[in-house]
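Before any comments, here is the structure.
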Amino acid sequence: MRHRVAGRKLSRHTQHRELMFRNMVVSLLQHERIKTTLAKGKELRSWADKIISLGKKANLHARRQVFALLRNESIVKKLFDEIAPKMKDREGGYTRIYKLGWRQGDGAPLSLVELVTFSPPEQKKKSTVKKAKEVLEKVTPKKKGKEEKKKKEKEKKEKKAEKKEK
């Protein structure tokens, strides 16, 4: 029986599993959202919560503990300077998991794990008139201007003149 046994093994050896979750935590902190399988995402949630809780302590010992786990100075700096201050009023639950459906190849359930503070960069929305103009430019053939027609007529006249001279 598995009473009071926390964590998932995910059919991996201990070293592989720990290194995989270290890398996933680094990616999550770097990009603030990652796509993974549902089981990995649920386990990643506990790893990320522990790291962010250490980040909220904001002392040297906590910084060294986080670096010992993540081994990436830029991510540790981002955690302590940007991410942890945003989470200072939260007591836990620093991540959010969305279910995305199933993977095409093996049917594994996929999920999107993101930090609660994540907000996608807003893109300027184009008006429908501008969109329509862009589409029309791509679809409709370009009309030749008067200048181009005059140039072609001159070229034809020059060719005829050359033929007459010969």
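Derivation of every value follows stated rules applied to the coordinates shown; laboratory data play no part. Predicted model only: the values in this text are computed from it and were never measured. Cβ coordinates were reconstructed from backbone atoms using ideal geometry, including for glycine residues, and neighbour counts include every protein chain displayed.
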Self-check item: Calculated FRET efficiency for the pair L136/K78, C-beta based, R₀ 41 Å, to 0.05
Solution: 0.40
Quiz item: What angle do you read, to the nearest 10 degrees and between 0 and 90, between the alpha-carbon axis of helix 146-165 and the longest principal axis of the chain?
Solution: 50 degrees
Quiz item: Using Cα atoms only, what is the angle between the long axis of helix 128-139 and the major principal axis of the chain, expressed in degrees (0 to 90) to the nearest 10?
Solution: 60 degrees
Quiz prompt | At most 15 other Cβ within 10 Å, DSSP loop - trypsin sites (Lys or Arg not before Pro), the range 62-108 | solution = R71, K88, R90, R103
Self-check item: Under 5 Å, built H, 5+ apart or other chain: amide partners of S111
Solution: T36, T37, L38, L100
Self-check item: Radius of gyration, Dmax [the range 14-115; alpha carbons; angstrom]
Solution: 13.9, 45
Self-check item: Which of S74, S127, S111 has the fewest Cβ neighbours within 10 Å, and the rest in rising order
Solution: S127, S74, S111
Quiz item: Helix 14-31 sits at what angle to the longest principal axis of the chain, using alpha carbons and giving 0 to 90 degrees rounded to 10?
Solution: 50 degrees
Quiz prompt | Environment charge of L112, counting only residues whose C-beta is closer than 10 Å and scoring Lys/Arg +1, Asp/Glu -1 | solution = +3
